[in-house]
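Written out below as structure tokens is the structure these notes cover.
The values are calculated or read from the model by the stated rules, or taken from the named source; none is laboratory data. It should be emphasised that the depicted structure is a prediction, and the values quoted were computed from it without experimental measurement. Here Cβ is always computed from backbone atoms with ideal geometry, including for glycine, and neighbour counts include all displayed protein chains. Please note that ligands, DNA and RNA were not included when accessible areas were found on the heavy atoms of the full protein model with its side chains. Shrake-Rupley method; radii C 1.70, N 1.55, O 1.52, S 1.80 Å.
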Amino acid sequence: MANAADDSTRRDFASYYDGVEGRPSRPTLIQAAVAFERPGFAVDLGCGDGRDTIELLRRGWRVLAIDASEEGIRRLKARPDLASDGGLETRVARIEETDWPPAELINASFVLPLLAPDAFARVWRRIGERLTSGGRFAGQLFGPRDGWASRPGLTIHDRAEIERMVSVYCIERFDETETDEPTARGKPKHWHVFHLVLRKS
Ligand SMILES: C[S@@+](CC[C@H](N)C(=O)[O-])C[C@H]1O[C@@H](n2cnc3c(N)ncnc32)[C@H](O)[C@@H]1O
């Protein structure tokens, strides 16, 4: 059955990728990556055109980069700053319909809220299962005052729900932000975002 989450990934992300081209890696990803003594294996869920994947590769990580958008993966592989693709594996897939090997770092920047609630629950569980002991999750969730909160097919969490979800982890970052900034496509939006870095003990 089609739902808004399907629409969000079928939607042409090219204008999003145009809008974020050249932007730096997410602070959550950098915080998680530098916390390790040495690079390992990372999975970048909803990697888009690779702004986080590229930073992991630069730091010596091996990366499996997954995105539902062929265009995102194409742009990642064509990046001029992709010095060597030796450590990079890519996959065009919906993250709720694919699996990945155990990883020291699982990154999901601004993608998990785009999943419908049942898909979100599966992916969140799988993230916990696939993180190695001592492994880290980095990513964002959206709160109830987010401008997209009433859109059907997305997954929104309030602070109390997130506190419950992260209680099994060591919390290294739990920032709640509210800002008014245009989207990558230039549309005005209120952002209510939780920025997380979590370590599995
Ligand atoms: C807002 S962009 C974020 C891209 C990148 N992580 C970043 O921080 O710039 C969301 C990305 O998630 C991808 N995406 C959305 N839903 C997905 C799903 N169910 N499975 C895999 N990728 C998905 C989109 O194609 C898009 O590249």
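I want to check the label-to-label distance for Arg151 and Arg94. Put each point 7 Å from Cα in the C-beta direction and report it in nm to one decimal.
1.6
Report the net charge of residues surrounding Pro24, where surrounding means a beta-carbon distance below 11 angstrom and charges are Lys +1, Arg +1, Asp -1, Glu -1.
With Lys, Arg at +1 and Asp, Glu at -1, the neighbours total +1.
If packing is taken as the average number of other Cβ atoms within 10 Å across a peptide's residues, how do 110-117, 49-56 rank, most packed first?
The densest-packed peptide leads the list: 49-56, 110-117.
Can you give the Rg to Rh ratio of region 83-135, both from alpha-carbon atoms, with Rh computed by the Kirkwood formula?
0.99
Which log10 I(q)/I(0) values does region 53-99 give at q = 0.13 Å⁻¹ under the Debye formula, counting every alpha carbon as one identical point scatterer?
-0.28
Given a 1.4 Å probe, how much area per residue of region 85-201 is accessible, in Å²? Mind showing how you got there, number by number?
On the way: 5430 Å² over 117 residues.
Accessible surface, normalised per residue, equals 46 Å².
Express the relative contact order of the chain as a whole percentage, based on alpha carbon pairs under 8 Å and six or more residues apart in sequence.
That works out to 21 percent.
I'd like the projected area of the chain, averaged over all directions, using the convex hull of its alpha carbons. Report it in nm² with one decimal.
10.3
State the percentage of accessible surface on the chain attributable to carbon and sulfur atoms; use a 1.4 Å probe and exclude ligands, DNA and RNA.
49
Sum up the charges of everything whose Cβ sits under 13 Å from the Cβ of Ser133, counting Lys and Arg as +1 and Asp and Glu as -1, but leave Ser133 out.
Local net charge: +2.
Name the helices (complete DSSP H segments) of the chain with a Cα length along the long axis of 27 Å or more and a Kyte-Doolittle mean of at least 0.0, or state none.
none
Rounded to a whole number of µm²/s, how large is the Stokes-Einstein D of region 32-132 at 25 °C and 0.890 mPa s, given Rh as the Kirkwood radius over C-alpha pairs?
This corresponds to a translational diffusion coefficient of 180 µm²/s.
As a check on your grasp of the helix formula, calculate [θ] at 222 nm for the chain: sum -39500 (n - 2.57) over DSSP H runs of n ≥ 4, divide by the residue count, round to the nearest 500.
-7500 deg cm²/dmol
Full-extension gain between Arg159 and Glu37, please, as 0.36 nm times their residue separation minus the C-alpha to C-alpha distance.
Between Arg159 and Glu37, full extension yields an extra 40.8 nm.
Measuring from the lowest to the highest alpha carbon on each principal axis, how far does region 30-86 reach, largest first, in angstroms?
Projected onto its principal axes, the Cα set of region 30-86 covers 34, 21, 16 Å.
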